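First comes the structure, then the notes that go with it.
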Amino acid sequence: MSEERYVWGTGKRKCAIAQVRLFAGEGAIQVNDKPYEDVFPRLEHRRAIETPFLATDTVGKFRVTVKVKGGGMTGQAEAIRHGIARALVKGNELFRPMLRKEGLLTRDARIKERKKYGLKRARKAPQYTKR
């Protein structure tokens, strides 16, 4: 493996965990060794991933490699967004106020609520019968 300089960040959302590396480069984004357009066909997921670069005006200045696992498509896309934002701040502290203003550095702590006994799901109760 080559000895290239990079900054890294870890992003999380629901059950998804993304390990992001930012290299100085042309702007390609690779997710699990595939182009991110192949992994995320929906436009809203691609926009979510690109949001930190738009907020800091660094579109096309970094080559990004991501290892992501767990969760679904939306959770993975938002975990990648969180990881990119953290890596940008680690690389240049001047990006912090811009990313903070957009809410990209805050970890979204909402996760699935556990199922309770006596219920069908976390809150759904069996149908009530009077007689």
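Straight-line cross-link partners of residue 124 among the lysines, defined as a Cα under 29 Å from its Cα and at least 8 positions apart when in the same chain: 12, 14, 112, 115, 116.
Nearest 0.05, what FRET efficiency do residue 113 and residue 90 give at R0 = 30 Å with Cβ-Cβ as r? The calculated FRET efficiency here is 0.40. Available extension along the chain between residue 30 and residue 54 is 6.9 nm, counting 0.36 nm per residue and deducting the alpha carbon span. Taking only Cα atoms, what is the 0 to 90° angle, nearest 10, from helix 43-56's long axis to the longest principal axis of the chain? Long axis of 43-56 versus the principal axis of the chain: about 50 degrees.
For region 1-40, trypsin sites (Lys or Arg not before Pro) meeting the loop criterion (DSSP other than H, G, I, E, B) and having at most 11 other Cβ atoms within 10 Å: 5.
Modelled this way, with points 7 Å down the Cα-to-C-beta line, the labels at residue 47 and residue 120 are 3.5 nm from one another. Once the chain from residue 10 to residue 61 is taken as fully extended at 0.36 nm per residue, the excess over their C-alpha distance is 16.4 nm.
Taking trypsin sites (Lys or Arg not before Pro) across region 72-107, the ones in a DSSP loop with at most 11 further Cβ atoms lying within 10 angstrom of their Cβ are 107. For region 124-131, 3J(HN,Hα) computed residue by residue from phi via the Karplus equation (6.51, -1.76, 1.60; θ = phi - 60°) reads 6, 9, x, 4, 7, 10, 6, 10 Hz, glycine and proline entered as x.
Listed values for region 59-65 are Karplus-derived 3J(HN,Hα) couplings in whole Hz (6.51 cos²θ - 1.76 cosθ + 1.60, θ = phi - 60°), namely 5, x, 9, 10, 9, 10, 10, and x replaces Gly and Pro. Just checking the listed ones, 17, 111, 49: in the Gaussian network model of the chain with Cα springs under 10 Å, the one fluctuating most is 111. Between the helical axis of 73-91 and the longest alpha-carbon principal axis of the chain there is an angle of about 40 degrees.
Only the coordinates and a few stated rules stand behind these numbers; no lab work does. Bear in mind the structure is a predicted one, so any value in this text is a computation, not a measurement. Note that we place each Cβ from the backbone using ideal geometry, even for glycine, and neighbour counts take in every protein chain shown.
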